[in-house]
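Since the structure comes first, as structure tokens, the remarks are kept for the end.
What follows is calculated from the coordinates using simple rules that are stated; it is not laboratory data. Note that the structure is predicted; figures quoted are calculated from it, not measured. Reconstructed Cβ throughout: ideal geometry from the backbone, glycine too, with neighbour counts over all protein chains shown.
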Amino acid sequence: MTNTQTTDSPENHPRTAFGARRQFEQAELAAAEEMITNRSFWADARRRFFKNRMAMIGCVFLLAIFLFAIFGGLFAQYNIEEIDWSLLGNVETEGGPRLDNGHWFGVDELGRDLYARVVQGTRVSLMVGFLAGVAAVLIGSCFGAIAGYYGGRTDQIIMAAYNITLSIPYIIFFVVWQAFFGRSVTQMILVMILINWTAGLLITRGQVMTLKNREFVDAARMMGLSDFKIIARHILPNMLWVIVIYTSITIPDAIMMESLVSFLGVGIQEPQTSWGALISEGASTMTYGTLWQLLFPALFFAVNQISLYYIGDGLRDALDPKER
């Protein structure tokens, strides 16, 4: 009697066991769906960014350019100032890209190895663009946060400085700055920060003016936190996605600006070089048939800018809360 009850109990019935397993699987699926639904903003943004094919292709090309800037010099057969005297008189006919003499990208009009100079130009342009772009956005975001949080006279003073900065032609500012402080990579970065310090100011100001009246900011004030801590701990972290997006836009603009002023001859000074300076040199000699002097720096510049713009577009789509 006991054995019969044990055999026929619901727990040991095959259909009951299958139903319990099915319920367990459904519970697991529901939990997984809940985890996906409740994942953090940054986890969702990362997933959306990785799904953006063009942004990922841009990351691959940008990584390749960074690796070229870091390790490309290891493969150079000449330094940036070394002149190949055997090619100096016939650059147009013998100075093109060749593998047998070690001039992978050919030579410039002075017989210097173009590969080594493109490596150096890539380092300088990336360093100026990323350092100046990131620093300018951080400074502009801080001033925008202060203006939006305090308002009143503080806002008026900062916005007046913003308008004055925008009214100054940056080419003239470059020339005047270099007349007083000279031309170098460090001075280039400093003047780029001074010109672009307004980057992100307006959008940060608008976001802070919206966030400063939210409940969590009022709670922070009631807890006795200082204005600096409220801005640094509660307001800026909630608009970090805006700063990231604007930084991705400002960096290629900074590289473009540096290349433009170097192309016009008021940027990086010899023996240093940049993409803009190399493009200027190549454009001045292209009528002689030395197209490689323009092709290689222009190619690196174009690929870098296109990659950065696609990455910025992907970050904007991934981080914009309206797209969630």
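For this structure, a couple of remarks:
- Rounded to whole Å, sorted largest first: equivalent-ellipsoid semi-axes of segment 61-145, Cα gyration tensor: 36, 13, 9
- Candidates ASN213, ASN79, ASN304, ranked by Gaussian network fluctuation over the chain, Cα under 10 Å, top entry: ASN213
- Nearest-ten-degree value, helix 240-263 long axis tilted from longest Cα axis of the chain: 10
- Note on the chain: with a GNM built from Cα contacts shorter than 10 Å, the maximum mean-square fluctuation among MET188, MET223, MET286 falls on MET223.
- Fluctuation leader among SER248, SER125, SER167 - the chain, Gaussian network, Cα springs under 10 angstrom: SER167
- Global geometry of segment 43-323, whether rounded, prolate or oblate, following the gyration tensor of its Cα atoms and the 1.5 cut on a/c: prolate
- Ranked ASP317, ASP253, ASP218, criterion: other C-beta atoms within 10 Å, fewest first: ASP218, ASP317, ASP253
- Report summary: the helix-based calculation at 222 nm, which adds -39500 (n - 2.57) for every DSSP H run with n ≥ 4 and divides by the residues of the chain, gives -23000 deg cm²/dmol.
- For ARG112, distant residues with modelled amide H under 5 Å away: ASP84
- Phi-derived couplings, Karplus 6.51 cos²θ - 1.76 cosθ + 1.60 at θ = phi - 60°, listed residue by residue for segment 173-186: 5, 4, 5, 5, 4, 5, 5, 8, 10, x, 10, 7, 5, 4 Hz, with x used for Gly and Pro.
- Counted by Cβ distance under 13 Å from PHE143, the other residues give a net charge of 0, where Lys and Arg count +1 and Asp and Glu count -1.
- Translational diffusion coefficient of segment 114-167 (Stokes-Einstein, Kirkwood radius from Cα pairs, 4 °C, 1.567 mPa s): 97 µm²/s.
- Between the Cα long axis of helix 201-211 and the first principal axis of the chain there is an angle of about 20°, rounded to the nearest 10.
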